[in-house]
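Engineer: Here it is, the structure, as structure tokens.
The values are calculated or read from the model by the stated rules, or taken from the named source; none is laboratory data. All of these numbers come straight from a predicted model, not from anything done at the bench. Every residue, glycine as well, gets a Cβ built from its backbone with ideal geometry; the counts of neighbours run over all protein chains shown. Each accessible area value is taken on the protein alone, full model and side chains, heavy atoms only, with ligands, DNA and RNA left out. Shrake-Rupley method; radii C 1.70, N 1.55, O 1.52, S 1.80 Å.
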Amino acid sequence: GNSVTQMEGPVTLSEEAFLTINCTYTATGYPSLFWYVQYPGEGLQLLLKATKADDKGSNKGFEATYRKETTSFHLEKGSVQVSDSAVYFCALRNPMNYGGSQGNLIFGKGTKLSVKP
Amino acid sequence: NAGVTQTPKFQVLKTGQSMTLQCAQDMNHEYMSWYRQDPGMGLRLIHYSVGAGITDQGEVPNGYNVSRSTTEDFPLRLLSAAPSQTSVYFCASSPSGTGRGGSYNEQFFGPGTRLTVL
């Protein structure tokens with residue numbers, strides 16, 4: 001079945017450093033790809049998404065590009081802030097006609113980011 | 001618009017007890033799902049529903065039951081709690097869409113229920 005692998009953390013950076021969190025996927029069919037963020041003690045919220053090859057999702061200075069040739073969706077930010085400290089999850093969503101698990105969201109294991117002042 | 005709500009926020013059970021985790025959404029979403037989050041495991045799908053009256057199993061369904069009698073509500077029942085079910089449980093909802101279009105929609109998550117089974 002479809003799966004997601006993301007780099008394991010934790011990742012610790014200084015404020016204003018460049019961030020990359022790697023994410024690769026295995027999929028048949030044409031899933032959509034997502035990055036979710038979880039702040040301490042909270043639920044998950046959508047950070048950005050891309051629904052087809054070469055799409056770039058962006059939000060709050062974060063970017064990720066859906067690369068079908070490398071099956072990747074790496075998350076980047078040029079200058080992180082202390083407020084970006086959170087756990088980041090890469091995920092793919094199966095199409096609704098994907099037999100046996102239609103519409104299911106499949107997550108990577110999460111990467112904890114800590115940003116120091 | 002409250003979004004996705006879950007109750008209770010915290011619960012402690014003894015082994016063998018049963019309980020129901022409540023989930024409700026007010027966005028008229030067809031698709032609802034339950035996940036459990038364990039350290040180092042990400043989120044794993046327990047059960048999901050593509051509409052009222054329709055449910056199906058996810059990756060880790062054993063020990064859990066669900067039903068979907070209304071669009072708004074999707075309760076998760078623990079039949080006989082075990083320590084292995086100690087976890088944080090998240091409910092989520094989204095529009096379904098059709099075919100590949102259904103994959104475009106983000107899922108909206110509730111705040112979670114932290115369950116401890118002694």
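Engineer: If A:Glu69 meets every condition in (1) modelled with pLDDT under 95; (2) farther than 24 Å from B:Asp56 by Cα; (3) within 14 Å of another protein chain (Cβ to nearest Cβ) apart from one, which number is that one?
Structural biologist: Failing condition for A:Glu69: (3).
Engineer: Here's something else I'd like to know. Select from the range A:11-53 the residues that are farther than 24 Å from B:Ser94 by Cβ, in contact with a strand residue (DSSP E or B) (Cβ under 7 Å, 6 or more places away or on another chain) and either open to solvent by less than 10 Å² (accessible area, probe 1.4 Å) or at pLDDT below 95 (or both) and list them in ascending order.
Structural biologist: A:Leu19
Engineer: Taking only the range B:39-67 into account, find how many residues are in a strand (DSSP E or B) and either hydroxyl-bearing (Ser, Thr, Tyr) or more than 10 Å from chain A (Cβ to nearest Cβ) (or both).
Structural biologist: 10
Engineer: Also, I was wondering about something else. Out of the residues in the range B:14-24 that are aliphatic (A, V, I, L, M) and over 20 Å from B:Asn105 (Cα atoms), state the one that is least open to solvent (accessible area, probe 1.4 Å).
Structural biologist: The residue in question is B:Leu21.
Engineer: In addition: Name the single residue that is modelled with the lowest pLDDT among those in the range A:72-100 being open to solvent by 30 Å² or more (accessible area, probe 1.4 Å) and hydroxyl-bearing (Ser, Thr, Tyr).
Structural biologist: Among those residues, the one meeting the criterion is A:Tyr98.
Engineer: Then there is this: For A:Glu69, state whether it is touching a Pro at 6+ places or on another chain (Cβ under 8 Å), open to solvent by 60 Å² or more (accessible area, probe 1.4 Å) and without any contact (Cβ under 8 Å) to a residue 24 or more places away in the chain.
Structural biologist: In short, no.
Engineer: Next question, about the same structure. Out of (1) among the hydrophobic types (A, V, I, L, M, F, W, C); (2) part of a strand (DSSP E or B); (3) more than 14 Å from chain A (Cβ to nearest Cβ), what's the single condition that is false for B:Ala81?
Structural biologist: (2)
Engineer: Continuing with this model, one more query. Being touching a residue at least 60 places away in the same chain (Cβ under 8 Å), within 17 Å of A:Ile106 (Cβ to Cβ) and under 15 Å from the mean Cα position of the chain (by Cα) is the requirement here; does A:Ser32 meet it?
Structural biologist: Yes.
Engineer: Of A:Leu105, A:Leu19, A:Leu47, which residue is touching a residue at least 40 places away in the same chain (Cβ under 8 Å) and either within 8 Å of chain B (Cβ to nearest Cβ) or over 16 Å from the mean Cα position of the chain (by Cα) (or both)?
Structural biologist: A:Leu105
Engineer: Still on this structure, please answer the following. Within the range B:25-41, work out how many residues are under 14 Å from B:Gln107 (Cβ atoms) and either open to solvent by 50 Å² or more (accessible area, probe 1.4 Å) or over 13 Å from the mean Cα position of the chain (by Cα) (or both).
Structural biologist: So the count comes out to 3.
Engineer: Let me ask you something else. Since B:Val66 meets every condition but one in (1) open to solvent by less than 10 Å² (accessible area, probe 1.4 Å); (2) at pLDDT 95 or above; (3) of a type outside the set (Ser, Thr, Tyr), which condition does it not meet?
Structural biologist: So B:Val66 meets the others, but not (1).
Engineer: Looking only at the range A:34-70, count how many residues are outside any strand (DSSP E or B) and either farther than 27 Å from B:Trp34 by Cα or acidic (Asp, Glu) (or both).
Structural biologist: Qualifying residue count for the region: 9.
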